[in-house]
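A short write-up of the structure that comes next.
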Protein chains: 2
Amino acid sequence: MTKEHDLINRYFAPLCSGPSVAPAFGLLDDTALLAPAIDQQLLITTDALVAEVHFFADDAADTIAHKALAVNVSDIVAKGGQPTSYLLTIALPKNIDADWLAQFADGLGAAQQAFGCELVGGDTVSTSGPLMISITMLGNIDRGKMVKRNGAAPGDVVFVSGSIGDAALGLLVRRKTPWAANAGVDKRWLDYLRERYLRPLPRVEIASQIAAYASAAMDVSDGLLGDFDKLCAASDVGGVIEIARVPLSDAATSVVANNPELMETVLTGGDDYEVLATVPADLADRFEQEALNVTRIGLIVERQNGLKVLDADGQLLELAQSAYDHFGDIER
Amino acid sequence: MTKEHDLINRYFAPLCSGPSVAPAFGLLDDTALLAPAIDQQLLITTDALVAEVHFFADDAADTIAHKALAVNVSDIVAKGGQPTSYLLTIALPKNIDADWLAQFADGLGAAQQAFGCELVGGDTVSTSGPLMISITMLGNIDRGKMVKRNGAAPGDVVFVSGSIGDAALGLLVRRKTPWAANAGVDKRWLDYLRERYLRPLPRVEIASQIAAYASAAMDVSDGLLGDFDKLCAASDVGGVIEIARVPLSDAATSVVANNPELMETVLTGGDDYEVLATVPADLADRFEQEALNVTRIGLIVERQNGLKVLDADGQLLELAQSAYDHFGDIER
């Protein structure tokens with residue numbers, strides 16, 4: 001009927017396939033129906049990505065789609081929820097063609113399958129500006145089990161999932177920073193780091209353990225230290241992180257060994273999409289056993305003790321305020 | 001803490017005041033919690049507005065906010081739902097300043113109060129392109145009562161709320177089209193039409209009658225005839241609309257009397273945000289009595305009878321395909 005309809009029918013309708021909802025994408029309707037089970041509540045979050053701010057305009061379309069979905073799934077998972085459905089708003093510059101859209105839809109399809117959610121609605125608009133993708137993600141959570149940011153208490157153990165800093169280093173690789181061209185760095189590590197930047201993998205597999213054990217949690221999207229600061233502020237507590245405990249991938253370990261100054265990038269760089277969680281001390285062992293791939297990195301303390309980052313020798317690390325605040329760099 | 005946090009705290013946090021949910025806007029959390037009552041389901045829809053596509057960049061900030069919210073409320077109302085909460089994603093160009101944001105937030109606050117919903121989350125990003133506002137709106141609907149587009153059946157009466165064409169004419173006024181400068185047109189009418197374009201008023205007051213009586217419904221956003229075409233296509237039926245019955249405001253009546261060629265603009269121009277609904281014939285009287293300000297404009301017929309638009313003499317009106325498809329003009 002219209003260009004918008006053609007576009008939706010061809011690329012996005014196939015992604016609205018689930019039986020659980022009345023889907024909507026300017027197709028049969030423009031409003032979707034959600035019917036959570038009686039013992040469940042709905043989580044909802046939204047994150048937008050803008051070309052040249054949050055990704056490179058010439059990144060492969062399927063990786064852009066993957067990332068747009070992943071960053072939203074990450075928010076749901078960090079609250080203990082299971083992602084279920086999402087709405088996609090995409091602002092398309094004139095230079096976007098059918099090939100790009102097909103690859104984008106392929107990437108979205110693969111990502112939604114990997115994360116266990118489905119498209120239920122959205123909007124397509126044109127823009128004279130950069131490509132922008134805004135996703136609203138919904139998730140299920142057992143009634144009363146949402147893990148907020150503000151539940152951390154002194155004595156709680158601080159955990160992080162996966163490994164930290166890969167994406168921040170991967171961004172430098174993507175930007176062809178000089179050290180990445182050094183012969184000393186294994187190309188396989190560089191490829192691994194770049195991939196971690198381009199295709200973050202939110203930890204859907206530990207959502208139920210987060211819901212069961214965490215007193216507070218959030219995803220690590222703006223840098224470990226900055227996000228830890230936010231969690232502690234929301235919970236009105238202080239905290240200690242031991243850098244030597246922060247889990248690094250083999251790739252990041254190798255890169256940092258050759259470029260020690262990059263450790264700050266690892267700790268503050270962002271785009272990790274791992275989960276930062278606090279767990280009461282008496283539950284910490286069980287959480288550690290049941291949740292895949294989580295690592296103790298610190299402790300929650302009283303607020304008046306402030307925020308401390310300890311180096312490998314247990315010495316207090318001096319970090320600029322910028323370590324906690326990258327919004328100025330990456331946003332505006 | 002950060003510029004984004006400052007911005008959210010100052011302008012948007014005051015709009016997250018309701019008791020019904022755990023709000024989220026990068027504040028205490030970045031994920032909101034929704035807990036619909038057991039006998040209710042959730043409607044969800046999303047519509048984005050881009051500067052110079054859906055509004056003028058120099059429109060007053062409060063009217064832009066009003067419109068962004070109104071177009072989303074309109075989708076919920078047309079499904080029979082009551083708007084409850086929304087997420088706001090805003091992409092800000094560099095030239096947006098604090099005054100603009102304050103006015104935008106004021107407009108949003110006034111609009112959410114008028115429509116009975118509240119802010120529960122969102123995202124702010126910067127863009128090198130035009131201002132863009134993407135809203136995801138949630139609404140409550142009694143279980144099983146969502147009114148879809150595909151329920152119209154032959155014999156159903158076609159209704160529309162309010163008056164049609166004001167916004168399309170108002171857009172021409174806003175564009176300073178020559179007829180609007182003619183001395184023959186009353187300035188009060190021009191002001192009225194421009195206001196109808198700038199501040200659409202979705203018919204929240206008839207949502208429960210839509211839910212109770214309508215077999216199919218949608219909001220009129222892309223022009224009455226085009227949207228009627230969509231509704232009939234979704235329902236696999238034909239339909240007849242009698243132009244003489246289409247409700248026009250006094251302002252539109254006056255303008256069209258002086259400029260008869262604008263009747264096509266009235267019928268196809270879009271941005272009405274009225275409700276188009278079909279009601280089984282035996283319920284039509286009750287709907288007409290109970291729903292404020294609705295008008296019978298036509299009838300649903302068998303699919304093979306196609307789509308017909310009759311003029312004041314009952315003659316078939318010839319309309320170009322473009323009458324049903326403005327996406328090419330207004331979108332890309």
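Roughly what angle does helix B:187-198 make with the longest principal axis of chain B, taking Cα atoms, 0 to 90 degrees, to the nearest 10?
60 degrees
Hey, any idea what % of the protein assembly as shown's accessible area is carbon plus sulfur with a 1.4 Å probe?
Its accessible area is 49 percent carbon and sulfur atoms.
What is the distance in Å between the Cα centres of the stretch B:76-131 and the stretch A:55-74?
Taking the Cα centre of the stretch A:55-74 as reference, the centre of the stretch B:76-131 is 24 Å away.
What does the charge count around A:GLY298 come to, taking other residues whose C-beta lies under 9 Å from its C-beta (Lys +1, Arg +1, Asp -1, Glu -1)?
Net of charged neighbours comes to +2.
Treat each spin label as a single point 7 Å out from the Cα along the C-beta direction, and report the A:ASP59 to B:GLU261 distance in nm.
Between A:ASP59 and B:GLU261, the label points sit 4.9 nm apart.
Starting from the Cα of B:ARG303, step 7 Å along the direction of its Cβ; do the same at A:ALA281; then give the gap between the two resulting points in nm.
Between B:ARG303 and A:ALA281, the simple spin-label model gives 7.0 nm.
Where does chain B land at 222 nm, in deg cm²/dmol rounded to the nearest 500, when only DSSP H runs of n ≥ 4 count, each adding -39500 (n - 2.57), divided by all residues?
Calculated mean residue ellipticity at 222 nm is -10000 deg cm²/dmol.
Express in whole angstrom the spacing between the alpha-carbon centres of the stretch A:200-224 and the stretch B:186-225.
So the two Cα centres are separated by 44 Å.
Treating the angle as unsigned and between 0 and 90°, give the value, to the nearest 10°, between the Cα long axis of helix A:98-115 and the longest Cα principal axis of chain A.
Compared with the principal axis, the helix lies near 50 degrees.
Does the stretch A:1-153 come out rounded, prolate or oblate, given a ≥ b ≥ c as the square roots of the eigenvalues of its C-alpha gyration tensor, rounded meaning a/c under 1.5 and, failing that, prolate meaning a/b above b/c?
Oblate, since a/c reaches 1.5 and b/c is not below a/b.
Please count, across chain A, the pairs of lysine residues with Cα atoms under 18 Å apart that sit 8 or more places apart or on different chains.
Going through chain A pair by pair, I get 7.
Taking amide H positions as placed 1.01 Å from N in the peptide plane, with prolines and chain starts having none, which residues 5 or more places from B:LEU92, or on another chain, fall under 5 Å of its amide H?
It is B:VAL125, B:SER126, B:THR127, by chain and number.
Averaged per residue, what accessible area in Å² does the stretch B:3-142 show with a 1.4 Å probe, protein chains only?
On a per-residue basis, the stretch B:3-142 sits at 30 Å².
Collect residues whose amide H, placed 1.01 Å from N in the peptide plane, falls under 5 Å from the amide H of B:GLY122; neighbours closer than 5 in sequence don't count.
It is A:THR46, B:GLY26, B:LEU88, by chain and number.
Helix B:281-290 against the longest principal axis of chain B: what's the angle in degrees, Cα atoms only, rounded to the nearest 10?
With both axes taken from Cα atoms, the answer is about 50 degrees.
With a 1.4 Å probe on protein heavy atoms only, work out how much accessible surface B and A bury together, total over both chains, in Å² to the nearest 100.
The summed interface area works out to 5800 Å².
Just add up the charged neighbours of B:GLY109: K/R +1, D/E -1, any other residue whose Cβ is under 12 Å from the Cβ of B:GLY109.
-3
Compute the signed sum of charges (Lys and Arg +1, Asp and Glu -1) over the other residues within less than 14 Å, Cβ to Cβ, of B:ALA207.
-3
I need to check one value: relative contact order of the stretch B:3-142, counting alpha carbon pairs closer than 8 Å and at least 6 residues apart, in percent.
38 percent
How would chain A be classified by its alpha-carbon gyration tensor: rounded, prolate or oblate, with rounded meaning a/c under 1.5 and the a/b versus b/c comparison settling the rest?
It is oblate, given that a/c is not under 1.5 and a/b is not larger than b/c.
Considering amide H positions built from the backbone, and no H for Pro or chain starts, which residues 5 or more places from B:SER215, or on another chain, come under 5 Å of its amide H?
B:THR278, B:VAL279
The values are calculated or read from the model by the stated rules, or taken from the named source; none is laboratory data. Bear in mind the structure is a predicted one, so any value in this text is a computation, not a measurement. Reconstructed Cβ throughout: ideal geometry from the backbone, glycine too, with neighbour counts over all protein chains shown. Surface areas here come from the heavy atoms of the whole protein model, side chains and all, with no ligands, DNA or RNA. Shrake-Rupley method; radii C 1.70, N 1.55, O 1.52, S 1.80 Å.
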